[in-house]
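The values are calculated or read from the model by the stated rules, or taken from the named source; none is laboratory data. This one's a predicted model, so the numbers in the text were calculated from it and none came from an experiment. Quick reminder, even Gly has a Cβ in these numbers, built from the backbone with ideal geometry, and neighbours come from all protein chains shown.
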Amino acid sequence: MLRPGTLALTALLGLLTAFGPVATDMYVPSMPAIGQALGAGTSEVQLTLSSYLVGVAAGQVVYGPLSDRFGRKPVLLMALALFCAASLACAAAPTIETLIAARALQALGGSGAIVLPRAIVRDLYAGERAGRELSRIGAVMSFAPVLAPLIGGIVQAGFGWRANFAVIVAVGIFAATAAWRCLPETRVQRPRRRGSIVQAYRRLASNRAFVAHLGIAACAYAGLFAWISGSAFVLEDLYGLSALGFGVAFAVACLGSLAGAALAASLVVRIGLDLTIGLGTLALAAGGLAMLASVAIGWQPVTSLVLAMAIYHAGLMLAMPQAIAGAMTPFPDCAGTASSLVGVVQQSAAALLGAVVGHALGATAWPLASAVAAMGCLAFALWAASRSVRAEHTSPADSRASRDRGSPAGAW
């Protein structure tokens, strides 16, 4: 078993967290081809992405509370088994309706790999230390959206869209095997508070600092999925990129995530969660507004859109891990449930905005750019408006405890 506080455990948690980007970004270059092969329109193909987001949101409702009760590892292994089985169903789907349903089941399994790594981090750390660990996991995870569309474009060009889902199955089997053999159980005691799942969620939702952090994370994440849901149609259908060319462009934009995650891991222990979130939301707003300007001016549209999204990606990895850490830190006794609620709201917002962008796309990139800019600016506004609320609910004792657990031995 891997020891907490080690790079190897961080890498494993990053691999598990990468399930979301792998399951979406790898098949994004194939979305136009899926529509042609299955006789589906753009809005129907978009539903394969939106159904995944809805499935992830639904799955996260239960995985966190279950892991609080039964442990992180057994619940995670159950989720990974469902993910692999549903991915096989995606690869064999004969109609767009079947693919939409299989994607929802795939998401129900994949959502466990989103909720539980965050809960494991909160089992071990709090405050800035949790934010740094989530940023490190984000740095590992960020390789997925860089590599996945490139691999997806190559696989699409050589073997077709079904092969992309076969590759996703292989990734799922590898991750499940690694988790089974190497992942330690970090939930060492039962929750101190008793009650129903509804009561636990009500307790979280009544905490204003939790809600403020959650709003920032949800807005940032929704802007990302506006890009994911609309970028293939904008860059391929409007600007003429091939599937492989789109994969390269998508990967270049994702390089911003690597830069943002590396910067966040260094900054957060120096300047704290709040200022790191502020810098991130400022970059989110700047990236979104730059995308609007690029559409308005029309100068080198592919290059300008990709560079604007790279700025947004950097802001995302500066702001979102720290916002999640800030939301979860006050709740060590129900870290799984807190992680679930964060995920549910994030995925629901992303699914809704992705569907809106898919229906609104037409002969211009304005719907995509407007959605990204709106979410970036809203995240920054929420950060600025809620600073006093979030400061009131900061727990110095919890942060000190996190620092005391900073070494591997202390963490374990």
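Worth a mention:
- Candidates A222, A209, filtered to the one that is at pLDDT 90 or above, in contact with an Asp or Glu (Cβ under 8 Å, 6 or more places away or on another chain) and assigned to a helix (DSSP H, G or I): A209
- Flag if A338 is surrounded by fewer than 23 Cβ atoms within 10 Å (Cβ to Cβ), part of a helix (DSSP H, G or I) and either of a type in the set (A, V, I, L, M) or modelled with pLDDT of 85 or more (or both): no
- Residue match in segment 275-290 (condition: closer than 19 Å to V45 by Cβ, in contact with a helix residue (DSSP H, G or I) (Cβ under 9 Å, 6 or more places away or on another chain) and in a helix (DSSP H, G or I)): no
- Sub-6 Å Cβ pairs linking a first residue in segment 286-302 that is without any contact (Cβ under 8 Å) to a residue 60 or more places away in the chain to a second residue that is in a helix (DSSP H, G or I), at least 6 apart or interchain, are A290/A308, ordered by first then second residue.
- G298 vs. criteria surrounded by fewer than 23 Cβ atoms within 10 Å (Cβ to Cβ) and in contact with an Asp or Glu (Cβ under 7 Å, 6 or more places away or on another chain): no
- A33 vs. criteria modelled with pLDDT under 80 and not β-branched (V, I, T): no
- Just one of (1) more than 21 Å from E44 (Cα to Cα); (2) surrounded by 24 or more Cβ atoms within 10 Å (Cβ to Cβ); (3) not hydrophobic (A, V, I, L, M, F, W, C) fails for P74. It is (2).
- On the stretch given as segment 344-391, residues that are among the hydroxyl-bearing types (S, T, Y) and either in a helix (DSSP H, G or I) or touching an Asp or Glu at 6+ places or on another chain (Cβ under 6 Å) (or both) total 3.
- In segment 130-155, the residues that are in contact with a Ser or Thr (Cβ under 6 Å, 6 or more places away or on another chain), assigned to a helix (DSSP H, G or I) and crowded, with 24+ Cβ neighbours inside 10 Å: I137, M141
- Counting only helices (runs of 4 or more DSSP H) that sit completely within segment 1-83, those holding 3 or more residues that are within 28 Å of R181 (Cα to Cα) correspond to 7-17, 19-25, 42-70.
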